[in-house]
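A.B. asks: This is the structure I have questions about; it appears just below.
The values are calculated or read from the model by the stated rules, or taken from the named source; none is laboratory data. Since we're looking at a predicted model, the values are computed, not measured. Neighbour counts are summed over all protein chains in view; Cβ atoms, including those assigned to glycine, are modelled from backbone coordinates with ideal geometry.
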Amino acid sequence: MTVINPNSIAGIASVSSQGSTLAIYANNVQFSGSIGVAGTVTYDDVTNVDSIGVITARTGINLTGAGSSLGIRTDSPKVCLDASQATDAFALPKGTTVQRPASPDSGYMRWNDTSGSLEVYNGSNWIEIVSEYFPEGSGIFG
């Protein structure tokens, strides 16, 4: 390992910290090659991440920019949210009628636990989607 100046280390380096925390204070830190981490990596203000394995977000994940999309069980999402390769289910937000969003936008969809039905907000009202193939009171005639 070679110390080039007080701010640089060149060559193969092994860095140990005093205690359990290693702090690097810099405006820009770059690594070439692979980095292995045993434990948790915490990102405080990430705006650009090209690839990462499993994440736990503190407040949410925002995808922005042209072509931003999220693929679930697909590496090539075709629309903004693509779960078309999954065969199990998609869990919708759910709650009682009282728990509906305070200021909904048209196109919101949720499960209403009060009525036991799927509902969509059309811009002015929550519309219940028929939740049974044969609604109550209908019959099969043959």
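A.B. asks: Which members of the stretch 105-142 meet the condition of being of a type in the set (A, V, I, L, M, F, W, C) and modelled with pLDDT of 90 or more? Walk me through it before giving the result.
C.D. replies: If we filter the stretch 105-142 for residues that are of a type in the set (A, V, I, L, M, F, W, C), which is where we start, we get 109, 111, 118, 120, 126-127, 129-130, 134, 140-141.
Hits for the stretch 105-142 are MET109, TRP111, LEU118, VAL120, TRP126, ILE127.
A.B. asks: Tell me which of these ASP75 doesn't satisfy, since it passes every other one: (1) at pLDDT below 75; (2) loosely packed, with under 10 Cβ neighbours inside 10 Å.
C.D. replies: The failed condition is (1).
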